[in-house]
Amino acid sequence: MVNAVEPRFLSIRNRIADAAAQAGRKPDDIRLVAVSKNHTVEEMVSVAEFPVDAFGENRVQEAQTKREAWPGVASPEWRLIGHLQKNKARKALELFDAVDSVDSIALAYHLDRIAGEKERVLPILLEVNTSGEASKNGVAPGDLPALVEMVLTRCSSLRLDGLMTIGPLSMEEGPTRRAFESLRKLREAQEERFSVSLKELSMGMSGDFEWAILEGSTMVRVGTALFGPRKTGRSW
Ligand SMILES: *Cc1c(COP(=O)(O)O)cnc(C)c1O
């Protein structure tokens, strides 16, 4: 059977390569996170064949159901990209290889404690609200240094790999690129201030990942362009 995802996958890989070339970057430096929320395990298995670098899931419960139903085939890593409530942190640690949406000192502290109990080091990204939109999660840019400092000095069971953001709703080039550029500059500022290397910038979705790559994204989170439109409701 022809895998229906293949043309979409090839088109995304081409778009990533073109944007990377335009930015003078190597396509291999950009990881593809397949955002699988609202898609079925079957669809995810067909995507895993290509391969993609990770699955991105937004909800702990959905990820749990899917992991329990996952067949005996290879799976890339699973990353949590949606808002995490403290009371689901323990479950999240069982299900995910990384949490990309850490946005408060309280959540970081909580994850660190649980990861410590499990004698595990959890890779994390800090989510920043670069657009200032009230509907968005993420730490305000001005509060980022305190959060970075806390994670670096107090959370020995967390490994801070970088930053994550979601572009503005408008999807216009100017504001979108400015939001992505601001995440890159925030990373540089933290690297300098705390003498650390923060390799990852998770930014860019189906509608804006080329702009994100031009602004330095190392991890694009692509759902619709890879899986097709999301079904609403509990379809997984
Ligand atoms: C849903 C989602 C995506 C993917 O969105 P598409 O537009 O379908 O590519 C990426 N990142 C986050 C945080 C999401 O919630």
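All of the numbers you see were taken from the coordinates with simple rules; none came from a lab. As the structure is a computational prediction, the values presented were derived from the model and not from experiment. Methodologically, a virtual Cβ is constructed for each residue, glycine included, from the backbone with ideal geometry; neighbour enumeration extends over all protein chains shown.
Is it the case that the range 108-118 has a residue that's within 16 Å of the ligand (Cβ to nearest atom) and surrounded by 15 or more Cβ atoms within 10 Å (Cβ to Cβ)?
no
Do we have any residue at all in the range 28-36 that's surrounded by fewer than 19 Cβ atoms within 10 Å (Cβ to Cβ), without any contact (Cβ under 8 Å) to a residue 60 or more places away in the chain and not polar (S, T, N, Q)?
yes
From Ala74, Ala63, which residue is farther than 21 Å from Leu201 by Cα, crowded, with 20+ Cβ neighbours inside 10 Å and in contact with a helix residue (DSSP H, G or I) (Cβ under 8 Å, 6 or more places away or on another chain)?
Unique residue meeting the criteria: Ala63.
Only one of these conditions is not met by Leu163: (1) in contact with an Asp or Glu (Cβ under 8 Å, 6 or more places away or on another chain); (2) outside any strand (DSSP E or B); (3) of a type in the set (A, V, I, L, M, F, W, C). Which number is it?
Checking Leu163 against (1) in contact with an Asp or Glu (Cβ under 8 Å, 6 or more places away or on another chain); (2) outside any strand (DSSP E or B); (3) of a type in the set (A, V, I, L, M, F, W, C), the one that fails is (2).
Any residue in the range 70-92 that's under 19 Å from Met44 (Cα atoms): show its pairings with residues that are more than 16 Å from the ligand (Cβ to nearest atom) and in a loop (DSSP other than H, G, I, E, B) at Cβ separation under 7 Å, as long as the two are six or more apart or on different chains.
Qualifying pairs under 7 Å: Pro76/Pro51; Glu77/Asp97; Trp78/Asp97; Arg79/Asp97.
Conditions tested, residue by residue: (1) touching a residue at least 40 places away in the same chain (Cβ under 8 Å); (2) crowded, with 19+ Cβ neighbours inside 10 Å.
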residue: Asp161; (1), (2): yes, yes
residue: Met171; (1), (2): no, no
residue: Arg187; (1), (2): no, yes
residue: Glu192; (1), (2): no, no
residue: Val196; (1), (2): yes, no
residue: Asp208; (1), (2): yes, yes
residue: Ala212; (1), (2): yes, yes
residue: Gly223; (1), (2): yes, yes
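For the range 41-75, how many residues are away from the ligand (no atom under 16 Å from the Cβ) and either closer than 26 Å to Leu107 by Cα or in contact with a Pro (Cβ under 7 Å, 6 or more places away or on another chain) (or both)?
The qualifying residues number 7.
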